[in-house]
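Since every read-out is calculated from the coordinates, none of them should be taken as a lab result. Since the model is a prediction, treat every value here as computed from it, not as a measurement. Every residue, glycine as well, gets a Cβ built from its backbone with ideal geometry; the counts of neighbours run over all protein chains shown.
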Amino acid sequence: MSDTDAPASEERLRAAIGPRADYYLRSWREMDEKGKKASWNWAACFASHLWLVYRKMWLALLLFLLATLASGAIGAFIPVRYSLLIAVGLTFVTGGYGNLLYRYRIEKLVAGPATTEELRAKGGVSILGLGIATVVTAILLVPLAIQGVQWVQAQRAARLHSP
């Protein structure tokens, strides 16, 4: 790539990334300088599926959800604590490799013939998707939280009534 191509490429990258382009470009530059594939991303760790939706990483989201479901299914055969460790481990995978996966997505998008406006539309972020994913997550977690509270209350009641 010639020096005259560099600004155009960065402009295309910024258009495809959208918000926080400085963070991602700096992170990817540091990965290159250090020769590393991993680069920590707190949002990708603590809000894995929400971050994947927000960044429009649909295939990675599908794989993450399938892996999460598999870890839950494994919980039927192994102690729950190990299943939970697997689920937490998945979030650390997205935290450690999320920037790399996002880089692959953006570079593939930018490599195509899309205009800057098309890159903004295809790339960027999905506020609507994030809102929907947040609501769906809350709807799914509320019954689990209620069950958890009921279980704790039952355990306390059992201790109070046992000799």
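Overview of values
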| read-out | value |
| --- | --- |
| At R0 = 30 Å, FRET efficiency that the Cβ-Cβ distance of Ser126 and Leu85 yields, to 0.05 | 0.50 |
| Spin-label model distance (nm) - Lys36 vs Thr137, 7 Å beyond Cα toward Cβ | 2.5 |
| For the chain, size of Cβ-based charge dipole, Lys and Arg +1, Asp and Glu -1, in debye | 620 |
| Where Rh is the Kirkwood radius over Cα pairs, Rg/Rh for the chain | 1.13 |
| Contact order relative to length of region 62-163, as percent, for alpha carbon pairs under 8 angstrom and 6 or more apart | 14 |
| Inter-label distance for Val149 and Glu11, nm, one decimal - labels placed 7 Å from Cα along Cα-to-Cβ | 5.5 |
| For the chain, the longest site-free run once chymotrypsin sites (Phe, Trp or Tyr not before Pro) in DSSP loop states with at most 14 other Cβ atoms within 10 Å are removed | 78-163 |
| Per-pair calculated FRET efficiency, R0 = 35 Å: Thr115 and Phe46 via Cβ, rounded to 0.05 | 0.50 |
